[in-house]
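Here the structure comes first, spelled out in structure tokens, and everything after it is commentary.
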């Protein structure tokens, strides 16, 4: 039987009460629900507290560089299209350091699932503002309050017509599991912006703060204009659920080279190499 | 040695005839064969012919030089053709320099038998580089004052529209060289087939009338004797790198366009579907390198072509390849820096960048191809070294080598050893440890190949790949990684030595400049100088025993490099303590030539 125990139990370095624990449980539950065994998926992460998740469940894992999780993840999927590829990292890693890769991944539409542990703060480096920190929030590095406007990942993703854009909250276990499950099932790039409170360095966006504000959306997720409107809301009400959904062919299914299994299994065809060489005659 | 008069004579003779040694046969062509404007009594045509074609970007110089290269090589001559282009799409001034020989030719020529000008500016820029005598092909419409050797071509008559002028020039040159029209016709049909029959037939008409005109009105400039012993190919260094990668089973290429490396990615794109290569144009170089690492982790042999500026952005990924023990081949095609530098020119100034790229300490190998053959075989070898050592391996090329066209015998695919495979077993998956301590090379399994779970980590990690803080594990893991250097050291290519055993003058070089050093060495020896050269095609790691006796035996050692600080000499000093005093350095963005080296060697030779 596949259940959350299939993915093992590991000692973590996360603070007790950190939202990351809930994300981990939700991810394991979503994987178990779909019967995906540890050797059948790759989890890729960058750097940050969230990114350590690779070490806290049984998986094939690639714990890469800060901001760069999406790059290896997409290439892993292209090189090994049969694998399920999950990417997890924080808001700083994904939207700050990795902002350009985030935009490009949406455009590229490789069939991977990105789960962003969005706590609106830098946890690993102890309390600096992140791209999603709200304006006015006083942080260690912004004692006068953050002047910059926050980055709205879901609005950007919907604006770019990412195939699957969702938001959830780590405190709502069932909702989180359902959202991750749908994201994995979506045949293309899927974004799950998962609010997950940092109990040590974010005293504004707390568990209670999210719980009070996160409300399920009711619009038709295939209606782009409606999704665009909903995606812009963030404050007294935070819309959660699937904000936008649109299917189109993913790059890994469009490239002829990616058909018929993993690239490494395709042997060198010396006769073909010779043909390429003799084209220079 | 009282060298002064001797060496100045050598240099002068070199610049005029690019070191045609006295022993070589010279063919005499009589004045009667030349048009009236030609006042010179005779011209010597050697077993080499040097041509320069100049024009503005957008005038079709690229097309015509490509067609000419192919025709000359198909006619059985050896050749080297180097582009000198400005970084622009229209206007400016570009030129293409062609060295044709009956035997393999080495560096680019310094002076020319023929200057084919597509713009007036070209005449002014290059007429001083003509040999004495030499021929200038110019447009009759320019009404230039008659220079010695000037041939005025009536382009207005030969080419109905300016767009056909490049083909008209091709026809004229082709006829002067005595090449058959058929060598061009098939190529023209192929080149313009997608533009419709009318364009093809117009081009063929222009070619035919231009060749006819030249037979009647232009002097003939016979090609060196054909070498019928082998059917040669023509390609440039980047194309040879592509073939080397294909032969090694490259499966993924991550890149961001940057001259002069782009054509490697484009060459792979061209055959991507047929050859099962995923070529991904990334959003930036950081993504390109990190993608390659991801693909390599998933088992796909990966290549990352770039130039210095792009590579600078990739250095964190290089470090990740080091700690995660991921095999990746970086091809760094150098161009002059700092920063944007000279985008379309050449230099050898990124040796130190590549040697030290990436924070922390980890093993690496740097191969520096000197020839087209090296571009092929060393790229293939780079993939094997990367797999064997489970880490980053570099091919350090440069713009000149990358883009110069050369004739080459087909590469021998039979001699290529199979590339080292990862661990494709799935033995005891529960206890599989990606970074186990059984030896410096741990079993690298592929995620999804079996039940084994494969963990790659950028942190310091334990045997399983999990993040750790323990000092003891750290030291053991770092020692394990560094021990892989033994694998790289066991396969180091020794430098190639040629020349006199106890040389008065030993030239030391690496990469693309080696060919010029060989040419200079041969020239000096022919002129009675005890000379030798030591050519490195692997610049890291270095094995001093393979070259120290040579350095110590020579009376004077000179490093010849395409940079301004003698980086390789510095590396030799750091590695061996041997200090090379004399340098010949070129850093004006132009390819090193034998003439350039000879001129600068003169004071050193005089002081011997």
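Under 1.5 on a/c is rounded, so check that first for the range B:234-409, then, if it is not, pick prolate when a/b is larger than b/c and oblate when it is not; a ≥ b ≥ c are the square roots of the alpha carbon gyration tensor eigenvalues. Rounded shape, in that the Cα axes give a/c under 1.5.
For the range A:154-183, the residues whose backbone nitrogen is under 15 Å from a point 7 Å from the Cα of residue A:216, taken along Cα to Cβ, are A:167-169, A:172-180, A:182. The residue A:33 and residue A:9 beta-carbon pair, evaluated with R₀ = 25 Å, returns a calculated FRET efficiency of approximately 0.85.
Per-residue Cβ neighbour counts within 10 Å put B:113, B:83 in the sequence B:83, B:113, beginning with the fewest. For peptide A:95-101, the mean count of partner chain Cβ atoms within 10 Å of a residue's Cβ comes to 2. The overall shape of the range B:421-491, judged from the alpha-carbon gyration tensor, is oblate: a/c is not under 1.5, and a/b is no greater than b/c.
By the count of other C-beta atoms within 10 Å, a proxy for reagent exposure, B:209, B:425, B:403 are ordered fewest to most as B:425, B:209, B:403. Label separation (residue B:451 vs residue B:87): 5.6 nm, computed from points 7 Å beyond Cα along the C-beta direction.
Output the 0 to 90 degree angle, nearest 10, between the alpha-carbon long axis of helix B:61-74 and the longest principal axis computed from the alpha carbons of chain B. Roughly 90 degrees between the two axes.
Modelled spin labels at residue B:430 and residue A:185, positioned 7 Å past Cα toward Cβ, are 3.4 nm from each other.
Quantify how strongly other chains surround peptide B:456-464 by giving the mean number of their Cβ atoms within 10 Å of each of its Cβ atoms.
4
Taking A:191, A:37, A:86 in turn, the Gaussian network model of chain A (Cα-Cα springs below 10 Å) assigns the largest fluctuation to A:37. Is the range B:496-606 rounded, prolate or oblate when judged by the Cα gyration tensor, a ≥ b ≥ c being the square roots of its eigenvalues, rounded requiring a/c under 1.5 and prolate requiring a/b larger than b/c? Here the range B:496-606 falls in the oblate category. Across all directions, the shadow cast by the convex hull of chain A built on its C-alpha atoms averages 17.0 square nanometres.
Computed as a quarter of the hull surface, the mean projected area of the alpha carbon convex hull for chain B stands at 29.0 nm². Shielding by partners for peptide B:440-448, expressed as the average number of C-beta atoms from other protein chains within 10 Å of each residue's C-beta, is 4.
Averaging over every viewing direction, what projected area does the convex hull of the Cα atoms of the protein assembly as shown cover, in nm²? The orientation-averaged projected area of the Cα hull of the protein assembly as shown comes to 41.0 nm². Diffusion of the range B:34-217 by Stokes-Einstein, at 4 °C in a medium of 1.567 mPa s and with Rh set to the Kirkwood radius over alpha-carbon pairs, works out to 78 µm²/s. For the range B:162-260, the normalised intensity computed at q = 0.14, 0.19 Å⁻¹ comes to -0.77, -0.98 (log10 of I(q)/I(0), Debye sum over alpha carbons, equal scatterers, no solvent).
Give me the base-10 log of I(q)/I(0) for the range A:76-224 at each q in 0.11, 0.17, 0.21 Å⁻¹, Debye formula, one uniform scatterer per Cα, rounded to two decimals. For the range A:76-224 at q = 0.11, 0.17, 0.21 Å⁻¹, log10 I(q)/I(0) is -0.43, -1.00, -1.39. Each of B:412, B:384 was scored by other Cβ atoms within 10 Å of its Cβ. Arranged with the fewest first, they read B:412, B:384.
Computed from the coordinates by the stated procedures, all read-outs in this text should not be read as laboratory data. These figures come from a predicted structure and were not determined experimentally. Quick reminder, even Gly has a Cβ in these numbers, built from the backbone with ideal geometry, and neighbours come from all protein chains shown.
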